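Visitor: Sharing a structure here in structure tokens format.
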Amino acid sequence: MAKVLTPNQVESYHRDGVLFPLPALNEQEVSHFRSCHDELDRRLGDRPTAQQKGDCHLHYKWACDLATHPNVLDAVEDIIGPNILIHSSTIFAKQAGDDMFVSWHQDSHYWGLSEARLVSAWIALTESTIDNGCLRVLPGTHTRKFEHLENPQTNNILGRGLTVSEVLDEDGAVDVLLKAGEMSFHHANVIHGSKPNSSKRPRIGCAIRYISTAVKQERFHYRVILARGRDDYRYYPVQERPTADIDEGLRLSDRRLRSPDQM
Ligand SMILES: O=C(O)CCC(=O)C(=O)O
């Protein structure tokens, strides 16, 4: 029995590997999470990289509150089932006029999952449009694995520059247009990326990846948080939810508190 998604929505997620728009946050929540995010940016210096803001849900209460928002988890549950771990998270922010982009890639390339029961919720803290460099997806590409290479570039948000190396037909690319407070879902295997922000407005999205407790990962994975349900498998080290926002200096100086850069 689905919690919030209709059978058609679940079917189209499995057919296309992407689903949007879905409601997540109300106006007050958008403004709360946006100011928490902007405050973190200020503390980290002017324009922190996505890597500097990696896995905020492990370190900051506000980011964990966002990742465990009931509206988000109800929809996630309809896709991967009731036992849900927060696998990882990344804040993808582009400033106005920013030339930062994201190369075409499949997230699953990083991990070696036993099954693709991992869904990314991309939660918009600003509107996300064609001119400010919204997420773009190639629907249907989640049905097979593509070859990748690493091509780091200073303006690629993906630090290692992970890029599909096969020729792609980009004609079918879908622009994931969202209002602030809406979210999209994308499948662990679907090819996605995004273009620079040519607008005068920032574009900020928090990508939170949720995995079923039943899914094993071939490569080492750091700590996860149990967002909902039970973890009978214990494939990953489980961390308690943060009850406060950790001191930034401590996070950066203590290697144990740092998440490895998988991007
Ligand atoms: O926000 C973007 O532009 C790209 C997002 C992305 O690569 C992801 O959510 O995995």
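Visitor: For segment 227-241, does any single residue satisfy the condition of being under 16 Å from residue 68 (Cβ atoms), in contact with a Lys or Arg (Cβ under 6 Å, 6 or more places away or on another chain) and either at pLDDT below 95 or not aromatic (Phe, Trp, Tyr) (or both)?
Guide: yes
Visitor: Of the conditions (1) under 17 Å from residue 106 (Cα atoms); (2) modelled with pLDDT of 95 or more; (3) within 15 Å of the chain's Cα centre (by Cα); (4) not hydrophobic (A, V, I, L, M, F, W, C), residue 156 satisfies every one except a single condition; which number is it?
Guide: With (1) under 17 Å from residue 106 (Cα atoms); (2) modelled with pLDDT of 95 or more; (3) within 15 Å of the chain's Cα centre (by Cα); (4) not hydrophobic (A, V, I, L, M, F, W, C) applied to residue 156, the lone miss is (3).
Visitor: Tell me, which residue of segment 140-194 that is in a strand (DSSP E or B) and among the charged types (D, E, K, R) is nearest to the ligand (Cβ to nearest atom)?
Guide: Among residues in segment 140-194 that are in a strand (DSSP E or B) and among the charged types (D, E, K, R), the one nearest to the ligand (Cβ to nearest atom) is 175.
Visitor: Hey, does segment 15-28 have a residue that's free of Cβ contacts under 8 Å to residues at least 60 places away in the same chain, more than 30 Å from residue 220 (Cβ to Cβ) and part of a helix (DSSP H, G or I)?
Guide: Yes, segment 15-28 contains at least one residue that is free of Cβ contacts under 8 Å to residues at least 60 places away in the same chain, more than 30 Å from residue 220 (Cβ to Cβ) and part of a helix (DSSP H, G or I).
Visitor: Let me ask you something else. Of everything in segment 104-118, what is more than 9 Å from the ligand (Cβ to nearest atom) and not basic (Lys, Arg)? Give them in sequence order.
Guide: 104, 106, 108, 109, 110, 111, 112, 113, 114, 115, 116, 118
Quick grid of which residues meet (1) under 23 Å from residue 29 (Cα atoms); (2) small (Gly, Ala, Ser); (3) within 15 Å of the chain's Cα centre (by Cα); (4) assigned to a loop (DSSP other than H, G, I, E, B):
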| site | (1), (2), (3), (4) |
| --- | --- |
| 82 | no, no, no, yes |
| 90 | yes, no, yes, no |
| 93 | yes, yes, yes, no |
| 102 | no, no, yes, no |
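Visitor: OK, next. What number goes with the only condition from (1) under 24 Å from residue 233 (Cβ atoms); (2) surrounded by fewer than 20 Cβ atoms within 10 Å (Cβ to Cβ); (3) among the small types (Gly, Ala, Ser) that residue 75 does not pass?
Guide: Failing condition for residue 75: (2).
Visitor: Among what's in segment 119-132 and is near the ligand (Cβ under 9 Å from one of its atoms) and not hydrophobic (A, V, I, L, M, F, W, C), pick the residue that is farthest from the chain's Cα centre (by Cα).
Guide: This residue is 128.
Visitor: Being within 16 Å of the ligand (Cβ to nearest atom), touching a strand residue (DSSP E or B) at 6+ places or on another chain (Cβ under 8 Å) and in a strand (DSSP E or B) is the requirement here; does residue 57 meet it?
Guide: no
Visitor: Now for a separate question. Among the residues of segment 215-244, which ones are more than 20 Å from the chain's Cα centre (by Cα) and surrounded by 12 or more Cβ atoms within 10 Å (Cβ to Cβ)?
Guide: Correct list: 229, 231, 233, 235.
Visitor: Quick one: is residue 198 crowded, with 16+ Cβ neighbours inside 10 Å, polar (S, T, N, Q) and within 16 Å of the ligand (Cβ to nearest atom)?
Guide: So residue 198 fails the test.
The values are calculated or read from the model by the stated rules, or taken from the named source; none is laboratory data. What you are looking at is a predicted structure, and each value in this text was computed from that prediction instead of being measured. Reconstructed Cβ throughout: ideal geometry from the backbone, glycine too, with neighbour counts over all protein chains shown.
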